[in-house]
Every structure is written in structure tokens, then in C-alpha cells.
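> Would you mind keeping the following structure in view while I ask a few things?
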Amino acid sequence: MQTKRVGRHRVLVDLSIACAASMLLCVGTSTAAPKDQTPWTGPVPRAHCGPGDNTESGLQGQTTLAERLGGAAARGLNCNLQLIGQFQGEGAYHAQAWTDVCSYYSTADSPLQQHPGVAVIDVSDPTHPHATAYLNAPAMLQTWESLKVSEERKLIAAVESEGGAGVKPGFAVYDISDCRHPVLKAAIDLPVPPGTIKGHAGAISPDGRTYYGAYYPVSLYIIDIADPSNPKLMLNWVPPGGIGAPHDLSISEDNTRAYIMNPGTGASGKNGLVVLDVSDFHFRRPNPQPRVVSTLFWPDGGIAMTSQPIRIHGKHYILASDELGPMLTNHVSACAQGLPPWGFPRLIDIEDEKNPKTVSLLKLEIDDPANCAQLANDPAMTGSFGYSAHYCRADDPKNTKLVACSRHEAGLRVFDVSDPYHPKEVAYYKPPVRSGNNLPGSGINAVANHTFDWSKSNSRFLKRNGVRELWITSADNGFQVLKFTNRDEDDDRD
Amino acid sequence: MLAFPAAAEAHAFVQPYTLPVPFGLYLYGAAATLLVTFFVLAYFARPATAPLAAAAARSPPSGEVPAWLVDALRAFAVGLLLLTLIAGFYGTRNPDANIGMTLFWVIFVLGFTYATALVGDVFAIVNPWRTIAEWLRLSDGTRARVAYPGWLGYWPALVLYVALIWIELFALPRPSTLAIALLVYSGVTFAGVWLFGATAWFRHGEIFSVLLRLVGLLAPLDYRVAAGGIVTVRRRAWFGGVLEGNADRMSLVLFVLFMLSSTTFDGMHETLVWMNVFWKYLVHAFQPLWGTDLIASQRILERWYVAFQRAGLMLSPFLYFAVYMIVIACVKAVTRTAMTLRELALAFAFTVLPIAIVYNMAHYWTLLLLQIPKLPYLVADPFGAGWTLPGLGSPPAEPPPLDMAPIWNTEVMLIVGGHLIGVYLAHRVALRVFDSRRAALASQVPMLVLMMTYTVLGLWVISQPLALER
């Protein structure tokens, strides 16, 4: 009996252990299951700001009338980012590029400027950035969105882009081996009939041997800069049907893909991403031609703007943005139709490059049409870019955790995209509004109602001396160095 | 106009224009031009030998408009009204792709108004509401169920005009909103015609009849409808209509002034100066009502701001009226005339018309430039259903870039030109109104100050949304 009883007890214990183990297994399985991979389409969660921050009081991204006219915006609005150094100069235009301890930013090309051209800023001391030179080759006087750097070959290049449509097919390239004192390698007019090419934006391939110019929204023109002293036009490609006619673009790590932002205002009428095979140019094949690999168009944005190939946890994505909403500058009309009034960034999964898919929209509350009523009297609604996005850049393209997006009147917004399906905002910075301070090189030098500054540039993440810096430019505040102030969002990211 | 923001608003591809001379010089130059014109007119102008109104009454018609053309135009106008309504209710929600919005706000409210200043008050002949009222036999034209009260004057037209501009500036640009507004307006019009008779209502109550009759006074053509519906046309001097008669009611003076003030308000109400009036001055004046923390109280203050905006529009004609009456009082004082203030105000009111029309043109002409090229696409696809005509293709998604230099120069030319015409007409009216040339010239000094002030204000307001480097 005893044996029987012991045996039965053991069976019960074994069953209990087995049951508990299976429950644990169930729990374990549940924990290890993939997170929700439904695309994120609403506004991202707000940042948790530090105690000393001068935070937004309205919608996420909005600068309210009270802030604009009551003094808060004039002090600058910030969350987890703080200004540590600035070179205001004569104001900044659309573009910023960088290498080593130097920043390069474009200016407006006003006849009132004392220093026309691209400002070269020495940022070796982040608290005292200062200009060391100005690049004034014709193509550098107003680069629009074409100012790009090759780290590999230490080159900076741009196409002539007055007003976003260069008068001449100008192109210039400088050697920036000594980043503070660039050396002009070439300043040419491309050999095409007048009016064939009007520069707007562009990109340098990572290997630094090819520059891709963008004639918005008409053609892609490819320039061989293997010998930077002797640039050669390889092809001016006008895509059939307008699919691949660029606004701006970026090039893949292996130099064989161009991620074209197809602005929807060209012949195709479609707004979104076009993946182009440009390997013919990279490998210098005879009679090179781009080929469309895939497309992804979306109806909730306009003037598709920026692209950057990035990797998150080893998977390939495109960080993209729209420069305007689906109704372009008519934000009120967008609201009337229940559409997003502004352009915003998004993350696109290109792991399967033939089937790109959007995984998250990096929207703010201002992008939600449901909030239009709260924006009705907002000066941003009256035209132009308002709160729309411009450039977005990742902290590390090969292992991205944070991305920074400039959003005109909404300032610079920083998102945590380490879970690309659940992005969240972690910081923002709106430079102080400088009403009445009409700097000739500023991108808003001719806008009478200065109740805002324009954040428009690419942003550089840089960690040095234990401080994570962010280099930005804005129209009226010029070049600025920010630092992250919330250590929760800083130290644990490396 | 909310539906179609002016492309000049620092659009992506508008290159800022660096003024060749400081902005202040434009203002001084414009004011000086008026001053010189004043002296030139003072030297050359002579009293009219006969009252123009009497001359106009005697002058025979220059021709007759064929009846078939009148009928066709009337049917066409009714068709356009119906198309606007149908597109509003059944077309796309996209105001840019819905023909109703462009037909009404751009082609009719802007383009047709400007055309009226050139070819005369054609609307009086083709008015679709009048045509429908006749078809429905709502009125026999002269006899009314209720006599139109004299005290009502032009107030119905003025109130409806304010409502129209309210919708233009403050309502979301939905084609359906426009269609509903037009339906309600049609109902009001037909009720007015039924009650007061067509003659009285179209003279005093229907916005566009009143507005376009006033604008038509600037044109060198005058249309008359004779017995049997025969339409005759008479040639006259440019702006001759202004000199042929006076405003007959003070409410019509207010209507004329609202033509001017509503455009000014549209230009002003999004400027920093206007916003500061509320947020930097009024808010502090009323601080005891909301506390001390501007940010904490911003929700309630924004509601006040909305009320401030709406009040600005509604009060604008009265503000202009006050300024106008001060000037008229000065005219009376310097001329020591026996005429009453009311008589003087009525006599000079129409001289404001050229200023109102050119200011409106200066404000909106870029919108016409941008929208008219879209018309073929809208005709091909009026409801935004994706239709197209062979060879037409898709409409351009983005307007072509505008060159800021000709935009600014045209606007300066329009505003200065309109004020010069105003100064000229005011001189002519003064020579008609006052017994002596000396009194007539003296009367124009206050009018000149008003014109110079408004020229400077007009140039400043019109410059605000432009990408000008000053």
C-alpha cells in the first residue's frame, strides 16, 4: 500500500511538474512571440520632457498663437535637447552636410549677403563654432537640397539650384581633406543645351565616385566624379512616364541602388518611393541605364522629399519623408477633406526590395486631421510649408536607434525607432523665433510674418567626450549644436 | 481665399525678390504720384458744362444686343449655377478638382467682376436668379406683395455680402458648403423677389446685382433693358458711370466701403500686426478677465481671438465709414458748403469704386493666374471623377513657378493707378457738386490725404504675403 501510495504521489508530482513546465513553456512562448507588427499609423507617443524644458503647450508639434506672440517661442521650445553652441552668421538655407569636425551649410544667395555661398563651420569646440571659409563657386551660391558629402573620398559637391531650378547646369566639387579649408576641384557647367538641366537636389554615392543630380521633378542626371577635377556627365535620364523623376534621393551602401523620392508633381502624378537599379553607373558599364526595381506610392503625402537607407536590428529600411501634405500648400483644403494637412516622415521596410512596405508613420498630433480644428487659427495654416517635414537622418545608418527629422515650424523632432512598428518621440527642439531679424542668408529672409523659424536641414548625431551632440541649422538661427539632456534617452543607446 | 492659397506665399519655388529700391521709397513714390496728380488736376480741371446724368439720359443707345444672344447667355448662366450646385453635392470633396469651387469663387466672384469693370454690367441681363424667378413667375417685375421698406435700403445686400466674405475667409473650403450656401442664398433671393418684387429685390437685396452694378459704373458700356426685354447698349467714357449718378442711400455707401474693407481685412487678418493687436494689446487690456498665465489661458483666449477675427470683418465697413465721414466732415468744413454731410457722403461714394476694384485685383490676380490654366481640366472632369479628354492629359499637380518681380510691380501699378483714377473722379465730382472751382479744389485736399493714406496702407498690406527682400 505504502509503495502504491508513494507511487501515486510521485505520479501526481510528476504530473504537477509537467503541467507547471508546460504552463511556463506557454508563458515563455508568449513572451518570445513577435511583437505586434501592425503598421503604426497614428501620432507617435509624446516625449517625456525634462524638468527645465520649455515645452510645447498645444498639440504635439504645434506652436500656438500664445506661444508665438506671448514670448515663449522667442525663447525657443525644447524637450530633452539643449543648445550648447551656435553660429548664426547671415542665416541658413535648406542644406547641411558634414565631415570630421566641420559643418557645411547653404545660404540664400541674397545680394545683401556679405558672405555668399556655403558656410564652412569649424565645430571642434561645440560651444564655439565659427566660420573658417565660404564656398562660392557658382553652384555653391544656392545649393537648394543638393549639398552632399562623400566621407569615403572627402569630397563635397552640389549642383546649381537657384530657386530650386538652377538657371545654368552648374556643378561644383571641393576636396575637404582639410575640412576647415576646402579646395575647389571643379566648377563647371554640364555640357547640355540651355534649359535641359535645372538643378534642385542630389546625392553622392558612398564610394564617392558618382554624383546623382536631381532636376525636380523631371530627370536624374549622373555625373562621374571619379576624377573630381574632371567631372563628366554620364547621362541625363528622363524616366518614361515620370516614374523615377526625383525630388531628392539617396544611394545604397553598395552603390547599386538609388532610392528616389518621386514627388507626385511630375509626369507620373504619383508620390512615394522608387527603387532604381543604378549598378550600370557604379560599374561603369557601357550605355548605362537606370532600371526600376520597385515602387511604393502613398496618397497621404505630397512632394516626397528625403530618403535614407538604414538598418534596424539588421533589417533594411528606408527613412522617408514628405515635404508637404497631400494637398500641398493648401493645408486648409486637406483638413476640409479629412486628410493630413502636413507632410510627415515614415519608415519603409525594404528587406524584400521588390516589395517595399510601410511599417510606421512618424506622425505628430498636428498631422492628425482629427486635430484640424485646433489648428484653424494657426499661422502655419496660411500657406507654404507650415509644419511639414523636410530632411530626416539616422543616428547610425547601420544600426539605427534614433532618427532626427526637421519639420519647418515644428522644429527638429527626434524619434526612437528601435522598434520600427512602435516609434515614439523622445526629444524636440524649436529654435527661438527671431521676428524682425531679417538675415539675408536665411531661408525665410523675405517672409514678413516671422512667428517661426524654419528647421529644414539634415541633422548630424555625434557622440564625443561623453556628450551626444546634434548638429542642426535653421533659417534664422544658423548653425546650432544641441546636446541631449535626458540621460535616459542618451547613455543607454550606445 | 481659403480654398486657393495665393502661390505668392513663400511657395517652394518662388525665389525671393530683392526690391531694387527700399520699400519705403515705393510708399513715398506712390504718395508723391498722387500729390503731383492732384496739382495737375487742380491746374487743368474745369467744371462740366452739363450734368453728366442728364447727358447720359439724352444720349441714344449705340446698339442692340440680339435677343437670341441674351436668351443663350441667360440659359448658360442658369446652367453654370446648376452645375456648381450639382458639383458641390455630388462631385469630389477636393476643392481644387471640383469645378464648382473654381466656377464660383474664381471665375465668377473674381474674373467676372473684373470683366464687368471692362465690359459693363452684363450680369443685370444674365443674372441666373432673375431668370429662374421669371421662369417660376415669382414676380411680375414691378408689382410687389409688400412694398419694399425705404428704411431697409441696401442692408439686405450688405448683410448677405458680409456673409459671403465670411464663408470665403472662415469656412472650410468644401464644395458641399458652397452648394448649401448657394441653395440657401437662392431661397433667400426667391423669397425676396416673391415678397418685394423683382425690381426692388434685385436693386437692394441681391448681392451680385448690387455689386456688379457698382463695378459696371467703371465700364465704357451701359446696358438698358427696354420694353419687351430688348437689351440696348450705350457707349460712354471710361468711368463715366461714376459721374452719372450718386449713391442714393447711406447703406450703399457702406456697401461700397465694404468692397474695399473686406479685401483689406483679407490681407490684414493674417499679418503679424493684426495678430499683435489682439495678443499683445487687447489681451493685456483685458487681463483681469483671464488671469496672468497666457499659456494656461490660451484655450479661452483663442476663442476670444476667433471672435476678434469675426468682429474685425463685420466691423471693417463701419471703421472705414467712420474714417470716410471724418474726411467728408473736413470737406464740408473747408468748403463751407450748405450741403449736408449725408449729401456729400453720397456724392463722393462712387469715387472709391476704382480703388476697391484695383485693390481686389492686386490682392487676387495671382490666384486667377494659377487657376485659369486648370479650367480645361475642370471642364473635362467637372466632378473630379478622373475623366479626361483625348490629348488633354492630367492637370499639372503643381502650378508653374511665379516670378516675384512682375507680381510685385503689377500690384504696385494697379494700386497706384486705381488711386490716381480715384483722385481724378473725386475732382470731377467736386467740380460738379460745388459752385466754385475754388471750393471744389479745397474739397479735394482732405480727399487727397485719404487717398494717399490708403495707397500707403494698401501697398503695405499687399506686400505682406510676398517674398520681398526689403
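> Every residue in segment A:238-251 that is crowded, with 21+ Cβ neighbours inside 10 Å and part of a loop (DSSP other than H, G, I, E, B), please. I'd like the intermediate steps shown before the answer.
Restricting attention to segment A:238-251, the residues satisfying the condition of being crowded, with 21+ Cβ neighbours inside 10 Å are A:239, A:244-251.
If the condition is that a residue be crowded, with 21+ Cβ neighbours inside 10 Å and part of a loop (DSSP other than H, G, I, E, B), then A:PRO239, A:GLY244, A:ALA245, A:PRO246, A:HIS247, A:ASP248 are the ones that fit.
> Say we look at segment B:377-397 and pick out the residues that are exposed (fewer than 13 other Cβ atoms within 10 Å of the Cβ) and away from chain A (no Cβ under 13 Å); which of these is farthest from B:SER463 (Cα to Cα)?
Only one residue tops the list, namely B:PRO390.
> Would you mind telling me which numbered condition in (1) crowded, with 18+ Cβ neighbours inside 10 Å; (2) assigned to a loop (DSSP other than H, G, I, E, B); (3) away from chain B (no Cβ under 13 Å) A:HIS48 fails?
Here A:HIS48 meets the rest and fails (1).
> To continue, here is another question. Do the conditions hold for B:LEU103, that is, is it modelled with pLDDT under 95, farther than 30 Å from A:HIS450 by Cβ, surrounded by 19 or more Cβ atoms within 10 Å (Cβ to Cβ) and away from every other protein chain (no Cβ under 14 Å)?
Details: modelled with pLDDT under 95: no; farther than 30 Å from A:HIS450 by Cβ: yes; surrounded by 19 or more Cβ atoms within 10 Å (Cβ to Cβ): yes; away from every other protein chain (no Cβ under 14 Å): yes.
The answer is no for B:LEU103.
> Name every residue in segment A:103-142 that is within 14 Å of chain B (Cβ to nearest Cβ) and β-branched (Val, Ile, Thr), in order of residue number.
A:THR107, the sole residue that qualifies.
> What's the total number of residues in segment A:55-65 that are touching a Ser or Thr at 6+ places or on another chain (Cβ under 7 Å) and either at pLDDT below 95 or surrounded by fewer than 23 Cβ atoms within 10 Å (Cβ to Cβ) (or both)?
Residues flagged as touching a Ser or Thr at 6+ places or on another chain (Cβ under 7 Å) and either at pLDDT below 95 or surrounded by fewer than 23 Cβ atoms within 10 Å (Cβ to Cβ) (or both) within segment A:55-65 amount to 2.
> Related question: Only residues that are closer than 30 Å to B:VAL109 by Cα and more than 37 Å from the chain's Cα centre (by Cα): list them for segment B:263-300, please.
none
> Output the residue which, of all residues in segment A:341-362 that are closer than 18 Å to A:ARG413 by Cα and assigned to a loop (DSSP other than H, G, I, E, B), is farthest from the other protein chains (Cβ to nearest Cβ).
My answer is A:LEU362.
> In addition: Give the residue, chosen from A:GLY76, A:GLY91, that is touching a residue at least 60 places away in the same chain (Cβ under 8 Å), away from chain B (no Cβ under 11 Å) and crowded, with 24+ Cβ neighbours inside 10 Å.
Answer to the check: A:GLY91.
> So, A:GLU323, is that one over 16 Å from B:ARG93 (Cβ atoms), touching a helix residue (DSSP H, G or I) at 6+ places or on another chain (Cβ under 6 Å) and at pLDDT 95 or above or not?
no
> Looking only at segment B:233-249, which residues are in contact with a Gly (Cβ under 7 Å, 6 or more places away or on another chain) and over 25 Å from B:LEU110 (Cα atoms)?
B:ARG249, the sole residue that qualifies.
> Here is a further query. Residue under question is A:PRO397, and the condition is that it be touching a strand residue (DSSP E or B) at 6+ places or on another chain (Cβ under 6 Å), more than 14 Å from every other protein chain (Cβ to nearest Cβ) and assigned to a loop (DSSP other than H, G, I, E, B); does it hold?
yes
> Tell me, please, whether a residue that is free of Cβ contacts under 8 Å to residues at least 40 places away in the same chain, assigned to a loop (DSSP other than H, G, I, E, B), more than 14 Å from chain B (Cβ to nearest Cβ) and out of contact with any helix residue (DSSP H, G or I) (no Cβ under 6 Å at 6 or more places or on another chain) can be found in segment A:287-304.
yes
> Let me ask another. Quick check on this structure: which one of B:GLY29, B:GLY79, B:GLY24, B:GLY88 is away from chain A (no Cβ under 14 Å), surrounded by 12 or more Cβ atoms within 10 Å (Cβ to Cβ) and either modelled with pLDDT under 95 or under 28 Å from the mean Cα position of the chain (by Cα) (or both)?
B:GLY29
> Name the pairs: first residue in segment B:170-185 and assigned by TED's automatic domain parsing to the domain that holds B:PHE208, second residue of a type in the set (A, V, I, L, M) and in a loop (DSSP other than H, G, I, E, B), Cβ to Cβ under 7 Å, at least 6 apart or on different chains?
B:PRO173/B:LEU2; B:PRO173/B:ALA3; B:THR177/B:ALA171
> Here's a follow-up. What number goes with the only condition from (1) at pLDDT 95 or above; (2) assigned to a loop (DSSP other than H, G, I, E, B) that A:ALA267 does not pass?
Only one criterion is unmet by A:ALA267, namely (1).
> Related question: Is there a residue in segment B:278-295 that is touching a Ser or Thr at 6+ places or on another chain (Cβ under 8 Å), over 22 Å from B:ALA430 (Cα atoms), more than 14 Å from chain A (Cβ to nearest Cβ) and modelled with pLDDT of 90 or more?
No, there is no match, as no residue in segment B:278-295 is touching a Ser or Thr at 6+ places or on another chain (Cβ under 8 Å), over 22 Å from B:ALA430 (Cα atoms), more than 14 Å from chain A (Cβ to nearest Cβ) and modelled with pLDDT of 90 or more.
> Taking segment A:426-457 as the search range and keeping residues that are crowded, with 24+ Cβ neighbours inside 10 Å and more than 23 Å from A:SER106 (Cβ to Cβ), which one is farthest from the other protein chains (Cβ to nearest Cβ)?
Among those residues, the one meeting the criterion is A:VAL426.
> Which numbered condition in (1) outside any loop (DSSP other than H, G, I, E, B); (2) in contact with a Pro (Cβ under 9 Å, 6 or more places away or on another chain); (3) closer than 25 Å to A:ALA373 by Cα is the only one that A:GLU67 fails?
Among (1) outside any loop (DSSP other than H, G, I, E, B); (2) in contact with a Pro (Cβ under 9 Å, 6 or more places away or on another chain); (3) closer than 25 Å to A:ALA373 by Cα, the lone unmet condition for A:GLU67 is (2).
> For the structure I just gave you, tell me whether B:ALA440 is in contact with a Leu (Cβ under 6 Å, 6 or more places away or on another chain), touching a residue at least 24 places away in the same chain (Cβ under 8 Å), away from chain A (no Cβ under 14 Å) and assigned to a helix (DSSP H, G or I).
yes
> In addition: Could you say whether any residue in segment A:328-336 is in a loop (DSSP other than H, G, I, E, B), modelled with pLDDT of 95 or more and within 14 Å of chain B (Cβ to nearest Cβ)?
no
The values are calculated or read from the model by the stated rules, or taken from the named source; none is laboratory data. In this text, all values refer to a predicted model and were calculated from it rather than measured experimentally. With ideal geometry, Cβ positions are generated from the backbone for all residues, glycine too; neighbour counts draw on all protein chains shown.
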